[in-house]
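Participant: Questions regarding the structure given below will be posed in turn.
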Amino acid sequence: MPVGKDVTDWIQSGATKDDIQHAIDVAVEYRWGEANHAEVVADWPDPEPLTSTIDPQTYPVDALPGLIREAVEEVQLFVQAPLTLVASSALSAVSLACQGLADVERAAGLSGPSSLFLLSIAESGERKSQIDKHFFSGIAEYVEHQIELASPLQAEHAAKMAVWEAKRSAILDQIKKDTKAGKSTGEFEAKLEKHQKNEPNPPRVPRLIIKDDTPERLAQSLSEVWPSAGVISSEGGVSLGGSGMGQDSLIRNLSQLNVLWDGGTIDMGRKTSGSVRVSGARLSMGIQIQEATLRAFFDSTRGLARGTGFLARFLMAWPTSTMGTRMFREPPASWPALNRFNGRIIGLLESPLPWDTGGAFAIRPTMLTLSIDAKAAWVAYHDGIERELRTGGELADIRDVSAKSADNAARLAALFHLFNRDGGEISADDMTRGSRIAGWHLSESMRFFNEICLPEGMANAEKLDAWLHEHCRSKKIQEVSTRDIQRLGPYALRDTDRLAGAVRELENLGRARLATVGKKKVVRVNPKLITEASK
């Protein structure tokens, strides 16, 4: 039976349809069969491993408390987006609704906000905006209601401001008149100073969701509009790559966001309108960013994004895309779990905020403490991480992120406690749930720092390597044309130069080869990799 080049000659000699099919079957058997495999493998070196070998772990959706989990599963079933993207959106909404109510004390002298910073790495089109619309509808409804309630107060304030401005103008006119006449203006200057102190304060209307503010405008909003807010965006490049993140202001702005995560105080000078002081404010973040944008941000900061501890504060997720599998589904007739979820969110937002009694426009959240069993669970999680920070430990390369993980576990536990009940200590069950989810995000951070932060050529090589193996195994082939790779493969490799660079990386590692077959260029996979995976 003809094999290899003989097959082509045999077909050209006038073989029948059955003969051709038989020859194809034999060729496939030759390429994949055990009997002749050694002849194919002999010309290939042993492949070297890629730098990153971390596989994604399954998201522990069962660790989410009942109603949050039910709402997440309900939304994910319809939207068909990655589960981790849906869960992160739900947690962002919970964080925003709860953060002003309570902080969490992990141990004596160790306390902080319950706010979360969540970062999802996903391409445009993963439906984050649609997901956020579901989970933030309760927050949007609450804000609209507050605007309606404030409408009469806004009208009253406008009338008071008109009177105040008229009196101010009269005092200024008198000062100008006396100055021209050479008279003393001291009396009216004193009146002006007193008048300035009596400027009517506008009614406070919550502005909870912020999308594209610069760090300066964000600080102003927290200081003057409402001291609890969330940066929620499906285009994280606006938050991380905007004008506020220019090289000149980079360190200051990253430090400012770090302080807000910590619940600290910010004093910011402004060129045009004086200084801004942010104290007693809480901030959540829930953003999605494309891989290329995040890579560019990371590179542009020259290590500062990590060196300042900024990225270490985030609960990261890098879900596998579901695009291409999301067949049309009719919307459900009702959303029982989601409606109850948003009802609870509204109830939390309607709870009176613990305002600073000193007169400042700031909140002083109450302090949640851990039960004895919850403290033991938190210590066990903390110490388990600490042991792996040693040189050679599993977490040694991400010590900065790992050091924040126990803090994030406590924050998650506090949010679960607040969402499910009105008082008491944080339970061991909530702490266990928080630790499981924080641990999952820690594994995602390991993937991030091992893969996203690689040089672009190596990152593209990883994408190509993974896709080639899956494609070749499913089709039972050993080679793919470069045209098909660009047509069917990873989006980033549609660029010819990037594809060429990725192939060179794989050639250097003995994992693939570029060859010419007739007029086509093909990438051949090392058969040792395919055989090993098949076994």
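The values are calculated or read from the model by the stated rules, or taken from the named source; none is laboratory data. As the structure is a computational prediction, the values presented were derived from the model and not from experiment. Heads up, the Cβs are rebuilt from the backbone with ideal geometry, glycines too, and the neighbour counts pull from every protein chain shown.
Participant: Here is a list of conditions, (1) in contact (Cβ under 8 Å) with a residue 60 or more places away in the chain; (2) surrounded by fewer than 24 Cβ atoms within 10 Å (Cβ to Cβ); (3) not in a strand (DSSP E or B), and residue 103 meets all of them except one; can you say which number that is?
Facilitator: Condition not satisfied by residue 103: (3).
Participant: Kindly indicate whether any position in the stretch 40-58 is in a loop (DSSP other than H, G, I, E, B), in contact with an Asp or Glu (Cβ under 8 Å, 6 or more places away or on another chain), more than 30 Å from residue 408 (Cβ to Cβ) and at pLDDT below 95.
Facilitator: No; the residues of the stretch 40-58 include none that is in a loop (DSSP other than H, G, I, E, B), in contact with an Asp or Glu (Cβ under 8 Å, 6 or more places away or on another chain), more than 30 Å from residue 408 (Cβ to Cβ) and at pLDDT below 95.
Participant: May I pose another question? For the stretch 274-334, which strands (runs of 3 or more DSSP E) that fit wholly inside it have 2 or more residues that are within 23 Å of residue 207 (Cβ to Cβ), modelled with pLDDT under 90 and over 16 Å from the mean Cα position of the chain (by Cα)? Steps first, please.
Facilitator: Details: elements: 274-278, 282-289, 315-317.
Correct list: 274-278.
Participant: Output yes when any residue across the stretch 308-323 is surrounded by fewer than 17 Cβ atoms within 10 Å (Cβ to Cβ) and of a type in the set (D, E, K, R), and no when none is. If you could, list the steps in order and put the result at the bottom.
Facilitator: We begin by selecting, within the stretch 308-323, every residue surrounded by fewer than 17 Cβ atoms within 10 Å (Cβ to Cβ); these are 320-321, 323.
From the residues that got through so far, the ones that are of a type in the set (D, E, K, R) too are none.
No, that holds for no residue.
Participant: What number of residues within the stretch 57-109 are within 22 Å of residue 285 (Cβ to Cβ) and basic (Lys, Arg)?
Facilitator: So the count comes out to 1.
Participant: Filter the stretch 108-126 down to the residues that are touching a strand residue (DSSP E or B) at 6+ places or on another chain (Cβ under 8 Å) and over 24 Å from residue 330 (Cα atoms) and list them by number.
Facilitator: Step one: list which residues in the stretch 108-126 are touching a strand residue (DSSP E or B) at 6+ places or on another chain (Cβ under 8 Å), which gives 111-122, 126.
111, 112, 113, 114, 115, 116, 117, 118, 119, 120, 121, 122 - these are the residues of the stretch 108-126 that are touching a strand residue (DSSP E or B) at 6+ places or on another chain (Cβ under 8 Å) and over 24 Å from residue 330 (Cα atoms).
Participant: Follow-up. For the structure I just gave you, tell me whether residue 192 is surrounded by 20 or more Cβ atoms within 10 Å (Cβ to Cβ) and either part of a helix (DSSP H, G or I) or acidic (Asp, Glu) (or both). Reasoning before the result, please.
Facilitator: Details: surrounded by 20 or more Cβ atoms within 10 Å (Cβ to Cβ): no; either part of a helix (DSSP H, G or I) or acidic (Asp, Glu) (or both): yes.
No.
Participant: Right, something else. Please identify the pairs in which a residue from the stretch 277-291 that is more than 18 Å from residue 311 (Cα to Cα) has its Cβ atom under 9 Å from the Cβ atom of a residue that is among the acidic types (Asp, Glu) and at pLDDT below 90, counting only partners at least 6 apart or on another chain.
Facilitator: That search, which allows pairs on different chains as well, returns 277/267; 278/267; 279/267; 279/356; 280/356.
Participant: Take the residues in the stretch 420-448 that are within 17 Å of residue 94 (Cβ to Cβ) and of a type in the set (Asp, Glu); name whichever of them is modelled with the lowest pLDDT.
Facilitator: Result: 422.
Participant: So which residues in the stretch 194-236 are basic (Lys, Arg) and without any contact (Cβ under 8 Å) to a residue 60 or more places away in the chain?
Facilitator: 194, 197, 211, 217 - these are the residues of the stretch 194-236 that are basic (Lys, Arg) and without any contact (Cβ under 8 Å) to a residue 60 or more places away in the chain.
Participant: Then there's this: Considering only the stretch 394-419, how many residues are at pLDDT below 95 and over 23 Å from residue 297 (Cβ atoms)?
Facilitator: 3
Participant: Right, next: Find the residue count for the stretch 343-382, including only residues that are over 13 Å from residue 410 (Cβ atoms) and aromatic (Phe, Trp, Tyr).
Facilitator: Total satisfying the criteria: 2.
Participant: Within the stretch 123-155, which residues are surrounded by fewer than 16 Cβ atoms within 10 Å (Cβ to Cβ) and either touching a residue at least 12 places away in the same chain (Cβ under 8 Å) or in contact with a helix residue (DSSP H, G or I) (Cβ under 8 Å, 6 or more places away or on another chain) (or both)? Full working, then the answer.
Facilitator: In the first step, residues of the stretch 123-155 are kept if they are surrounded by fewer than 16 Cβ atoms within 10 Å (Cβ to Cβ); the result is 123-125, 129-130, 133, 140-141, 144-145, 147-149, 151-155.
Passing the criteria: 123, 124, 125, 129, 130, 140, 141, 147, 153, 154.
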